[in-house]
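The values are calculated or read from the model by the stated rules, or taken from the named source; none is laboratory data. Computed from a predicted structure; not experimentally measured. Here the Cβ is made from the backbone with ideal geometry for all residues, glycine too, and neighbour counts use every protein chain on show.
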Amino acid sequence: MKRLLSLMALAVGGITAGHAATGAELLKSQCVSCHAVTKPAASSVDRVLGRKGPDLHFAGAKFKREWLVAWLQKPVAIRSGGAMFLNALQPGSGGALDSIDPTKVPAHPALSSADAAAAADALMALSGEGLVEAGGFKNEPLNASMASLLFNKLRGCASCHSAKAGAGGVSGPDLSAAGDRLQPDFIAAYIRDPQKFDPHVWMPRLDLNEGDIQKLTGYLSSLKQGAAK
């Protein structure tokens, strides 16, 4: 009986170790050519401008696992201009505004269901220690109208981001489903100090008061696929 239990424990341990190794292998084979899955030894403007994809060394503190698993199987563009929108910018002519040339934005590869789950597990293990404060979002009652006004008018967020289809800017990631994708504590931490994550990212630190940070975090956390905007 003891031998049987020992064999079962070894089998379970082998499955767990194999699953973790598969996730690590996927990051190595599928992700590191475009994403930083470990914190870069040094940051520079050139590194940020030359990135093919966003940094993932803090993915476990940023994303929701359920969203990762689904998105990795059916990826859709979050940054319409890619990791660096200037690389896909198409100058307007005759007074027309500049636009994004989608042919210059490479498609993200899709993974199988099993590979997506393994990759998501590996990504969720990347905590980016010290970047995101647990409990930084207080989840206080939200005045949705005021929070929307902050995002769209008063704090300039809509200049770079979209909170609904056909509105807002394209130089930053689409936030119309931010509540499905991002952990609230990450949203609060990134709004508070984007340069804490990388000193050369172009999102400005606005020195918002804590009340505005909480309102914007609550608003973005409420934006989910199919939800009324």
**Asked** Residues in region 48-82 that are part of a loop (DSSP other than H, G, I, E, B) and among the charged types (D, E, K, R): how many?
**Response** 6
**Request:** Would you please list the contacts, defined by Cβ atoms under 6 Å and residues six or more apart or on different chains, that run from a residue in region 96-108 that is in the same structural domain as residue 53 (by TED's automatic domain parsing) to a residue that is surrounded by 13 or more Cβ atoms within 10 Å (Cβ to Cβ) and modelled with pLDDT of 75 or more?
**Result:** 100/80; 100/170; 108/75
**Asked** Condition test on residue 218, is it closer than 14 Å to residue 138 by Cα and either crowded, with 16+ Cβ neighbours inside 10 Å or within 19 Å of the chain's Cα centre (by Cα) (or both)?
**Response** yes
